[in-house]
Structures are given as C-alpha cells and as structure tokens.
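Only one structure is covered here, and it is reproduced in the block below.
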Amino acid sequence: MAIVTLCPQCQTAFAIQAEHYSAADAWVRCGRCAHVFEVDQHLFELDDNKPQAATVEMPLSMRSEPSLPPPQDLIQPWAWSALSVLLALLFCFQALLFQRHQWRAQNPELTPVFLSLCRHLGCELHWPMEPNNVSIETGGFKTLGDNQYVFSGSIKNQSDWPLATPMLELSLTDDLDSAVVRKAFSPEELGLTTVLRGRRAQSFEMRFALDPALSTSMQGYRAFLFYP
C-alpha cells in the first residue's frame, strides 16, 4: 500500500513518506500549483497492484505553519477606565442640559453658567413649566351691566422654586355647559409678571364686554391654566 495525498486545489496526487509527514507538521505545499494544505486531511491508500492515476513526479515542498500568538486585548485597562469616565461625564452633561430649567430655578446663582452654556450650544433657558404645581386659588365672575363683565382671581405657585407664569383660558358657557366664547390670556394681558415665586400667589382682574347676542346665552364659565 502507498500513502498518497491529493492537492484540493489542482487534484494532483503525490506519494508521501512518513518522514515527510512528520517534517511538514501536517502542512505541505503543492509542487504544481503551490497551494498549501493540511496533508492529513487529504490522505488515502493506493493499492500497489493497481495502476496509478496521473501522478506528477514533482517533489513536495514541506513547511511548518508558524504558530500564531494568542489573541490579546487591543485596548489596555487604563483605556477602558478612561472611556468609562468619559461616558459618565457625558451622561451627567446630558442630564444637566435636559434639566437646566429646574436646576437654574433651584440654584439661581448658576444662572450665568446656564446662560453662557446655552449661548454656545444654541439652546433656550427659561423658568420651569410645571402645570401640576400652579393653580387658581380664587376666582370670581361678575356682571357689571350693559354687557360688561369682570373676572378676577389668584394664580399660585405651589412649588418651592420659581415657575414660569402660565396662560389662562377662560370659557363662557351656556346652560348645556358648552362654550359660547373662549379666549386665552397671556400673563402680560392679566397684568402678571412672567415668573411666579415659590409658594407665592399673584392676583389679577380683567374687564371685558360681550356682544349682546352672546350675553343672553351665557350661563356660566370655566377657567384653567396651561403652558403653550
């Protein structure tokens, strides 16, 4: 029996000796096409009594594959630490930027810092808008005659820090509680400042006239606060 290896690239068969196999460390180079392959993956026995198929008398070029060094972490431990710190700082900066309005209200001394930051980043800085922390503490609607009316009330900030003064929407309703006329008033139109101090209230009073056709159908009113 003869031990034969077959090149998987050009299908050329070569007789191989045991000393060649050990010297090649299981790797050989084809003498015809120079393809490198593992010899032990392409071995078969050939009967000496049978004619050998086209075998080219070319010597095998033996070579050993160099052993590769074990994979190493390309990023050093100090680089991971620096990246972690950078990501933490970036997260804190994003949180600070997102909550800048409330931070400014709770820490007024930081106002110049936030103003400078927004000037460079192109963002806006205003007082917090918290609709759940503002309310109409008192309210009254009176008829003065000749289709003249007056609506008065007080808007209170229930938080401990300043808030932006909300707008007020007043709806005059009929006997079915449907709005006959509706209008929104800005803080300036109510005579209020644009900022409500913490735990403080501001009073307002506004007078207006209605069309006589609307006055006859008006039976009540609704008022609520909102931020645009």
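The values are calculated or read from the model by the stated rules, or taken from the named source; none is laboratory data. It should be emphasised that the depicted structure is a prediction, and the values quoted were computed from it without experimental measurement. Counting neighbours? That spans all protein chains shown, and the Cβs are built from the backbone with ideal geometry, glycine included.
Numbers below:
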read-out: Unique match (being small (Gly, Ala, Ser), within 30 Å of Arg100 (Cβ to Cβ) and touching a Ser or Thr at 6+ places or on another chain (Cβ under 8 Å)) among Ala184, Ala201; value: Ala201
read-out: Positions within the stretch 197-222 being among the aliphatic types (A, V, I, L, M), exposed (fewer than 15 other Cβ atoms within 10 Å of the Cβ) and in a strand (DSSP E or B), in sequence order; value: Ala209
read-out: When residues of the stretch 141-187 are limited to those that are of a type in the set (Ser, Thr, Tyr) and part of a strand (DSSP E or B), the one modelled with the lowest pLDDT; value: Thr143
read-out: Residue in the stretch 148-168 that is among the hydrophobic types (A, V, I, L, M, F, W, C), within 42 Å of the chain's Cα centre (by Cα) and more than 27 Å from His101 (Cβ to Cβ) present; value: no
read-out: Subset of the stretch 170-228 [aliphatic (A, V, I, L, M), under 22 Å from Leu144 (Cα atoms) and without any contact (Cβ under 8 Å) to a residue 12 or more places away in the chain]; value: Ala213
read-out: Test: residue in the stretch 116-134 that is touching a Leu at 6+ places or on another chain (Cβ under 7 Å), in a strand (DSSP E or B) and surrounded by 14 or more Cβ atoms within 10 Å (Cβ to Cβ); value: yes
read-out: Condition check for Gln158: outside the structural domain of Ala105 (by TED's automatic domain parsing), surrounded by fewer than 15 Cβ atoms within 10 Å (Cβ to Cβ) and polar (S, T, N, Q); value: no
read-out: Filter result (buried (at least 20 other Cβ atoms within 10 Å of the Cβ), closer than 30 Å to Gln106 by Cα and of a type outside the set (S, T, N, Q)) within the stretch 165-189; value: Pro166, Leu168
